[in-house]
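Participant: Okay, handing you the structure first.
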Amino acid sequence: MSLAIRKHWKDFLAVIGLCLLAIAVAVYILSQQDFRFPLVEEQPKKVSLELENAQAVEPGQGQTVRVAGVEVGRIADVKLENGVAVVDLEIEKKYENLIREDATALLRPKTALKDMLVEVNPGTGEVLPEGGRISVANSLPDVDPDEIYKALDADTRPYLKLLVSGAGKGLAGRGDDLREVFRRFEPLHKDLARVMRATASRREALKQLIHRYGLLMEHVGERPAELRRLVTASRTVFDALAGEDQNISAAVAQLPDSLRASERTLNEVREFAPVLRSSLESLRPPIRKLDETNEAVTPFLRETTPVLRDEIRPFVRAARPFTDDLRLAARDVAQATPDLTISFEELNRFFNIGAYNPGGAEGLEGKSVAEQRAREEGLLYWLAWAAQNGTSLFSTADGQGPWRRVTICGVPAAVIQGLIGTVASEIGENDPDFLEDLVGGAIGGTPLDPAEGSPIDQVLQSQFGSCNFNALPTPAP
């Protein structure tokens, strides 16, 4: 065998290539025929559909199962059971939970050659299990045109024939015009399709609406007198509205601004809502404890109720006349409160100015005289300083006796000398001997210490006019 392969290896490779090509062609044909490869594709979910008539249903011809126009599976087989056609459907794995137990199905042709498909409305109930079945009550077969035609009686058929014949004569040679009409209807058809899809998605709501509308009409029909009164009252209302058409127009004109303001408010509320939610969540524990709190407070309230009823309530009744007068006075005070508020604010500002101290509390220890003088103190400090010096200046008695002291601070030395010279001249005119004692250094015939000098020299040599109180000699320890 191996020797034959080596001798004819080209033929062997050609045979292998043909086999591979045959397999590829077979796979392609089977895939186009919707054949499911067991080891490659997932097994579909199998359900059944009961139909009164399954004409033109041919398994293996690519006939599909669709939901809202989307292919979800295909027809796998058809058989007869108890006079009812049972069509087996294979639903793709990703749509296995789409069809429900209350689903409905329609058998419809996809083309004029009866290429059939099954249109399924999935329903809203429980999921249809594997091997489940849509009953014949929830399905409708395809209707052929001959079934419609045979429903026409002998009188209707000629009229229908005339209608079709007239339509043929009217459209003879007008195919382009008819196509143009259909083309212009395309936007309308798209809008209608959107409406139909929206209506189909709200099928249950529409069913409830129609049912409740029927109940409403039945209820209204049982009360004709009340309906007449309603119509009469409505006419009166509409007459009143007609008389206010100008005001209504003005209100409607202001409505856009109101809506925009409402929109802004709702946007702000939307930002506030998460914060409010967290606040309400935080309030849950206290609210849960309200029962316990009420039980704990109830004994206290029972004890305080007699006090409130027998003591506080009579007192309030007796004080009510006085509180009425107080209310009138409080009204005047309320009118004066803004001015009082401004006055107290200015007064507070004045005291703040006095208490302002930019450098804060500054001690004196370890600082030189220049550093002490360079301090920045507030107005209250200098007020206390002025009060202390004023008391010292204007006091009528101290440790020296009942004498009022005089302090001349900061007067230039030339001014002091001029004053002393003037005083000395007047003394010399009136009492030359006393002046001689002042200048010569003797008082009352008692000579003074030459080192100290005369009294006038002592005055001129003192710190009298310098205000440098810190330059006074420090007493010995």
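The values are calculated or read from the model by the stated rules, or taken from the named source; none is laboratory data. Remember, it's a predicted structure, so these values are computed and weren't measured experimentally. In this analysis, Cβ positions are derived from the backbone assuming ideal geometry, glycine residues included, and neighbour counts consider all displayed protein chains.
Participant: What is the one condition in (1) exposed (fewer than 10 other Cβ atoms within 10 Å of the Cβ); (2) under 30 Å from Leu383 (Cα atoms) that Leu340 does not satisfy?
Facilitator: Result: Leu340 fails condition (1) only.
Participant: Counting residues that are among the acidic types (Asp, Glu) and closer than 26 Å to Glu130 by Cα, which strands (runs of 3 or more DSSP E) fully inside the range 1-119 reach at least 1?
Facilitator: 45-51, 70-81, 84-91
Participant: Restricting attention to the range 128-150, does a residue exist that is under 18 Å from Ala200 (Cβ atoms), assigned to a loop (DSSP other than H, G, I, E, B) and assigned by TED's automatic domain parsing to the domain that holds Ala56?
Facilitator: No, the range 128-150 contains no residue that is under 18 Å from Ala200 (Cβ atoms), assigned to a loop (DSSP other than H, G, I, E, B) and assigned by TED's automatic domain parsing to the domain that holds Ala56.
Participant: Of these, Arg202, Arg229, Arg260, which one is surrounded by 10 or more Cβ atoms within 10 Å (Cβ to Cβ), within 32 Å of the chain's Cα centre (by Cα), farther than 28 Å from Thr124 by Cα and among the basic types (Lys, Arg)?
Facilitator: Details: Arg202 fails: farther than 28 Å from Thr124 by Cα; Arg229 fails: within 32 Å of the chain's Cα centre (by Cα).
Among Arg202, Arg229, Arg260, only Arg260 is surrounded by 10 or more Cβ atoms within 10 Å (Cβ to Cβ), within 32 Å of the chain's Cα centre (by Cα), farther than 28 Å from Thr124 by Cα and among the basic types (Lys, Arg).
Participant: Residues of the range 205-226 being farther than 18 Å from Asn121 by Cβ and of a type outside the set (D, E, K, R), which ones?
Facilitator: Initially, the range 205-226 is screened for residues farther than 18 Å from Asn121 by Cβ, giving 209, 211-226.
Scanning the range 205-226 gives Leu209, His211, Tyr213, Gly214, Leu215, Leu216, Met217, His219, Val220, Gly221, Pro224, Ala225.
Participant: Tell me, please, whether a residue that is within 44 Å of the chain's Cα centre (by Cα) and more than 29 Å from Ala198 (Cβ to Cβ) can be found in the range 114-135.
Facilitator: Step one: list which residues in the range 114-135 are within 44 Å of the chain's Cα centre (by Cα), which gives 120-128.
Those left that are additionally more than 29 Å from Ala198 (Cβ to Cβ): none.
The answer is no; no qualifying residue exists.
For every residue, the table says whether it meets (1) touching a Gly at 6+ places or on another chain (Cβ under 7 Å); (2) surrounded by 10 or more Cβ atoms within 10 Å (Cβ to Cβ); (3) in contact (Cβ under 8 Å) with a residue 60 or more places away in the chain; (4) not β-branched (Val, Ile, Thr).
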residue	(1), (2), (3), (4)
Ala240	no, no, no, yes
Pro256	no, no, no, yes
Val269	no, yes, no, no
Asp291	no, no, no, yes
Leu301	no, yes, no, yes
Thr304	no, yes, no, no
Val307	no, yes, no, no
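Participant: Please pick out the residue among Ser201, Ser135 that is at pLDDT 85 or above and within 30 Å of Val57 (Cα to Cα). If you could, list the steps in order and put the result at the bottom.
Facilitator: Working: Ser201 fails: at pLDDT 85 or above.
Ser135 is the lone residue from the list that is at pLDDT 85 or above and within 30 Å of Val57 (Cα to Cα).
Participant: Oh, and also: Any idea which of Lys110, Lys169 is over 16 Å from Leu51 (Cα atoms) and surrounded by 11 or more Cβ atoms within 10 Å (Cβ to Cβ)?
Facilitator: Lys110
Participant: While we're here: What are the residues in the range 349-377 that are surrounded by 10 or more Cβ atoms within 10 Å (Cβ to Cβ) and of a type in the set (S, T, N, Q), if any?
Facilitator: Asn357, Gln372
Participant: Which condition number does Arg404 fail, the rest of (1) modelled with pLDDT under 75; (2) farther than 30 Å from Ile420 by Cβ being met?
Facilitator: Exception for Arg404: condition (2).
Participant: If only one of Gly123, Gly175 is within 20 Å of Glu90 (Cα to Cα) and either exposed (fewer than 10 other Cβ atoms within 10 Å of the Cβ) or touching a residue at least 12 places away in the same chain (Cβ under 8 Å) (or both), which one is it?
Facilitator: On the way: Gly175 fails: within 20 Å of Glu90 (Cα to Cα).
The unique qualifying residue is Gly123.
Participant: Okay, next question. Name the residues in the range 1-40 that are surrounded by 11 or more Cβ atoms within 10 Å (Cβ to Cβ) and at pLDDT below 75, would you?
Facilitator: Within the range 1-40, Ile5, His8, Leu30, Ser31, Asp34, Phe35, Arg36 meet the criteria.
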